[in-house]
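Report on the following structure.
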Amino acid sequence: MTNNIDFKQYWNKQKIETQSPEELIKKANEFKRKIRFKLIIANIVLLLACMVISFVWFYYQPEYLTTKIGIIIIIIAILIYIAFQSALTPLLLTKNIEANAKAQLLQLLKLKKKQRFQQTTLLNSYFFLLSLGLGLYMYEYAVRMTLAWAILSYGLVLFWIALNAFYFRPKAIKKQEARLNRLIAQLKDLKEQLTD
């Protein structure tokens, strides 16, 4: 029995499942289509929220300046978020890159970079402005409540914002990043195989 084991020979004999370029590109396009659909739905919901907030402002005519400033801050936060989210649209549209793995890879890398900015800086700013706006908006109504109800109201709103910011958001980001990273890794492998 020899002690010289050729690991390279065993490694080369392994069966590696590789997807065809068409399958990978189809997966990348499907991933982008799902993100685009979620983006459209989110933008519609946020625009509807702006309309409802504006309706509340004009219909109920708040008396305090803090309430009006709070509404303005909330609407600004939502519109800034929509504007930055919409900047992803060009990267999510598929234009003549169905057959080119390298172009898909570059597009997904750009998407990852923009999403990283939006998932950190933009969302942190969004949650800060939203919290500030809600706090100012609620002040007029909290003044009319008993102290216990005011504390409970602010506590529930802050709990809901914190739950979204520190639990749901990181979970969704991690899931989306994992899928995007898998696609990028597969496209990089495909690119390397095609250049070899």
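Derivation of every value follows stated rules applied to the coordinates shown; laboratory data play no part. Given the structure is predicted, the values throughout are model-derived calculations rather than measurements. Here the Cβ positions follow ideal geometry from the backbone for every residue, glycine too, while neighbour counts run over all protein chains shown.
Here are the numbers for the structure shown:
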{"item": "³J(HN,Hα) computed for each position of the range 43-55 - Karplus, 6.51 cos²θ - 1.76 cosθ + 1.60, integer Hz, glycine/proline x", "result": "5, 5, 4, 5, 5, 4, 4, 4, 5, 5, 4, 5, 4"}
{"item": "Within-12-Å neighbourhood charge of Leu123 [Cβ basis; K, R +1; D, E -1]", "result": "+2"}
{"item": "Longest exposed-site-free window of the chain, the sites being trypsin sites (Lys or Arg not before Pro) in a DSSP loop that have at most 15 other C-beta atoms within 10 Å", "result": "16-94"}
{"item": "Charge dipole (debye, nearest 20) of the range 95-196; +1 at Cβ of Lys and Arg, -1 at Cβ of Asp and Glu", "result": "280 debye"}
{"item": "Taking the range 38-113 and dividing mean pair separation by its residue count, relative contact order in percent (alpha carbons under 8 Å, at least six apart)", "result": "29 percent"}
{"item": "Helix-only CD estimate at 222 nm, as mean residue ellipticity for the chain, using -39500 (n - 2.57) per DSSP H run (n ≥ 4)", "result": "-27000 deg cm²/dmol"}
{"item": "Selected from Phe128, Leu39, Leu108, residue furthest toward positive end of dipole (the range 20-195; charges at beta carbon)", "result": "Leu108"}
{"item": "Lys, Arg +1 and Asp, Glu -1 on Cβ, resulting dipole of the chain about Cα centre, debye, nearest 20", "result": "440 debye"}
{"item": "Principal axes of the chain: Cα extent on each, largest first, Å", "result": "87, 46, 19"}
{"item": "Sequence-separation-based contact order of the chain, relative, with Cα cut under 8 Å and 6+ spacing, percent", "result": "30 percent"}
{"item": "Over 21 Å between alpha carbons, listed pairs Lys112/Lys171; Lys38/Lys68; Lys38/Lys175; Lys171/Lys191; Lys38/Lys174; Lys114/Lys174", "result": "Lys38/Lys68; Lys171/Lys191"}
